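Below: the structure, in structure tokens.
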Protein chains: 2
Amino acid sequence: MPKSVYLAGPDVFFPNAIEVGKKKNEICARYGLIGLYPLDNEIEENGLSPRKIAIEIFKANCNLMDQADAFIANLTPFRGPSADVGTAFELGYIYAQNKPLFCYSNIAGSYLNKALQLGLVDKQAEGLKDANGFEIEDFGLEDNLMLTAAAILRQAPLLTPPDGKTLLHDELSLFAACVEQAAHRLKS
Amino acid sequence: MPKSVYLAGPDVFFPNAIEVGKKKNEICARYGLIGLYPLDNEIEENGLSPRKIAIEIFKANCNLMDQADAFIANLTPFRGPSADVGTAFELGYIYAQNKPLFCYSNIAGSYLNKALQLGLVDKQAEGLKDANGFEIEDFGLEDNLMLTAAAILRQAPLLTPPDGKTLLHDELSLFAACVEQAAHRLKS
């Protein structure tokens, strides 16, 4: 039986979401894996209220995660210095299930660096704070420690562009590197 | 044995993080519960590298979540329209463990509303998109559906200010309402 991999990320919000999903599934297939792409775009609406549609999407995504043998997450920052919160939720869900997980971000650098680039760091403040006086964490990791340490502890630290240059949001080279890692791990 | 509740949220980044933790624990105690406040501020550094400290904090927080009988999350938007990603990770972790969860946000309104207020919606675009062309989800829910549907399915929809007015970041009235719900649920 081929192994399957849940494909988490904000990709479902991309203008080319369905095309990206197909490409991700093709890359998985090349490595003998079945890609499980979240079903946000494929729920039958059938006159359901938006709230009920949301609940159906949630349940469908949890079912896919429950089926999956492993997890690949796109943790590229989304509308701020951090990954998409839906993806963060899914990472926690999979981590609790003790499944192998692999993560990538098309933007390199530490959380602090991203906060600096977005102008979030209050330069007048003592220590690293934002305009609200909230601490900006600085462990040299790419995102909030709950996300990055989870990846480290599962032996697959977050992959980022090796030359430090930001990749396009739908560039899949780091994704493919995660698939390769996943295929190797699931074989052994 | 008194039941315990893990207290998730970006509160660990507040300038008054330790004081807020104490107050949260006091409110829990008033309802006969033990509050488990994340240990980000209390790890012995002992000359460890920042990366190793981050990993120790991660492990300590997971241990606390594993001990907890229930979970209360502060999902108030943090550096953008969504909750803190660390809290989102923890929500997913607890959801996968089938534990009761209770959530609040000191800012009312739908995700779309928050995106509008932050100027993230591209008014020239067709449909609801941000400046990158990424879809802005609009199910009438307060945040990404993975977070909000999780709360709904655990019979404790996100609490928000009843009059729609934004509360201070460290105002704990909605937190106290969550503690009351948790105490009631854990008794029955």
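Figures for the structure shown
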| quantity | calculated |
| --- | --- |
| Selection from A:Ile136, A:Pro100, A:Thr148, by position along the positive dipole direction of segment A:97-188 (Cβ) | A:Pro100 |
| A/B buried area, accessible surface, summed, 1.4 Å probe, Å² | 4500 |
| Between 0 and 90°, nearest 10: helix A:173-187 axis offset from chain A longest Cα axis | 60 |
| Hydrodynamic radius of segment B:127-188 per Kirkwood, over alpha carbon pairs, in Å | 14.1 |
| Inter-chain shielding of A:165-172 (mean C-beta neighbours from other protein chains, 10 Å cut-off) | 0 |
| Per-pair calculated FRET efficiency, R0 = 45 Å: B:Lys59 and A:Lys22 via Cβ, rounded to 0.05 | 0.70 |
| Dipole magnitude (debye, nearest 20) for segment B:21-129, charges at Cβ of Lys, Arg, Asp, Glu | 300 |
| Amide H within-cut-off set for B:Gly9, under 5 Å, with H built and near neighbours excluded | B:Asn74 |
| C-alpha center-to-center spacing [segment B:135-188, segment A:90-133] in angstrom | 24 |
| Electrostatic dipole magnitude of chain A [Cβ: Lys, Arg +1; Asp, Glu -1; Cα centre; debye, to 20] | 480 |
| Shielding of B:158-164 by partner chains, average beta-carbon count, 10 Å | 0 |
| Fraction of accessible area attributable to carbon and sulfur, chain A (%, probe 1.4 Å) | 50 |
| Length added when fully stretched, A:Glu42-A:Gln124, from 0.36 nm per residue minus Cα-Cα | 24.7 nm |
| Chain A, relative contact order in percent, only Cα pairs under 8 angstrom and at least six apart counted | 23 |
| Within the protein assembly as shown, percent of DSSP bridges classed antiparallel, to nearest 5 | 10 |
| Rounded, prolate or oblate (a/c below 1.5 giving rounded, otherwise prolate when a/b exceeds b/c) for the protein assembly as shown by Cα gyration tensor | rounded |
| Angle in degrees between helix B:50-67 and the longest Cα principal axis of chain B, rounded to the nearest 10 | 80 |
| Using alpha-carbon coordinates, inclination of helix A:85-96 to the longest axis of chain A, degrees | 70 |
| Debye intensity ratio I(q)/I(0), log10, chain B, q values 0.10, 0.12 Å⁻¹ (C-alpha model) | -0.42, -0.60 |
| Per-copy distances of the A:Pro162 label point, shortest first, in nm (7 angstrom along Cα→Cβ) | 6.0 |
| Per-residue average of Cβ from other chains inside 10 Å of A:56-65 | 3 |
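The values are calculated or read from the model by the stated rules, or taken from the named source; none is laboratory data. For clarity, every value in this text was computed on a predicted model and none was experimentally measured. Positions of Cβ are backbone-derived with ideal geometry, glycine not excepted, and every protein chain shown enters the neighbour counts. Ligands, DNA and RNA are stripped out before the accessible areas are found, and what is left, the full protein with its side chains, is counted by its heavy atoms. Shrake-Rupley method; radii C 1.70, N 1.55, O 1.52, S 1.80 Å.
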